[in-house]
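Peer 1: Sharing a structure here in structure tokens format.
The values are calculated or read from the model by the stated rules, or taken from the named source; none is laboratory data. These numbers come from a predicted model, not from an experiment. Cβ placement follows ideal geometry from the backbone for every residue including glycine, while neighbour counts extend to all protein chains displayed.
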């Protein structure tokens with residue numbers, strides 16, 4: 001299953017559940033996103049031709065992150081740009097999420113291992129604004 005979380009016509013996140021299955025290839029992000037999220041299902045023997053990626057200068061203005069839940073269970077809270085709570089989702093082992101816009105926070109509901117993928121270079125505290133919630 002693919003779930004898109006939106007607020008005021010802005011895409012906050014895309015969740016690919018562990019049980020998602022489809023034939024071929026599909027990308028779930030718009031072409032202008034700085035982080036592209038796709039899925040491939042190819043049969044044995046299918047060949048992706050060897051290739052290299054060209055050096056192309058890109059301007060990244062917003063960090064978007066992808067999380068893969070390797071083990072455990074995590075609650076993800078979503079916030080708008082004014083730091084107002086909107087809703088939450090629970091992700092489990094094998095789920096993948098792209099955090100595209102807005103704010104987010106996490107609570108581990110079980111011991112959890114996650115793999116995070118995002119653009120770099122990382123610039124520390126300049127990269128994010130932390131906030132408290134009631």
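Residue-wise test of (1) over 16 Å from the mean Cα position of the chain (by Cα); (2) surrounded by 14 or more Cβ atoms within 10 Å (Cβ to Cβ).
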{"site": "29", "(1), (2)": "no, yes"}
{"site": "33", "(1), (2)": "no, yes"}
{"site": "37", "(1), (2)": "no, yes"}
{"site": "54", "(1), (2)": "yes, no"}
{"site": "70", "(1), (2)": "no, no"}
{"site": "77", "(1), (2)": "no, yes"}
{"site": "113", "(1), (2)": "no, no"}
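Peer 1: Here is a further query. Of the residues 123, 16, 76, 52, which is more than 24 Å from residue 2 (Cβ to Cβ) and at pLDDT 95 or above?
Peer 2: Residue meeting the stated conditions: 52.
Peer 1: If you don't mind, there's one more thing I want to ask. Name the residues in the stretch 64-111 that are under 24 Å from residue 21 (Cβ atoms), outside any strand (DSSP E or B) and free of Cβ contacts under 8 Å to residues at least 60 places away in the same chain, would you?
Peer 2: Hit for the stretch 64-111 is 72, nothing else.
Peer 1: Residues 4, 44: which one is out of contact with any helix residue (DSSP H, G or I) (no Cβ under 8 Å at 6 or more places or on another chain) and within 23 Å of residue 80 (Cβ to Cβ)?
Peer 2: Working: 44 fails: within 23 Å of residue 80 (Cβ to Cβ).
Exactly one of 4, 44 is out of contact with any helix residue (DSSP H, G or I) (no Cβ under 8 Å at 6 or more places or on another chain) and within 23 Å of residue 80 (Cβ to Cβ), namely 4.
Peer 1: On to the next question. Let me confirm something: among 128, 44, which residue is modelled with pLDDT under 95, more than 24 Å from residue 2 (Cβ to Cβ), loosely packed, with under 14 Cβ neighbours inside 10 Å and out of contact with any strand residue (DSSP E or B) (no Cβ under 6 Å at 6 or more places or on another chain)? Before the answer, list the steps.
Peer 2: Values: 44 fails: modelled with pLDDT under 95.
After ruling out the rest, the residue left standing is 128.
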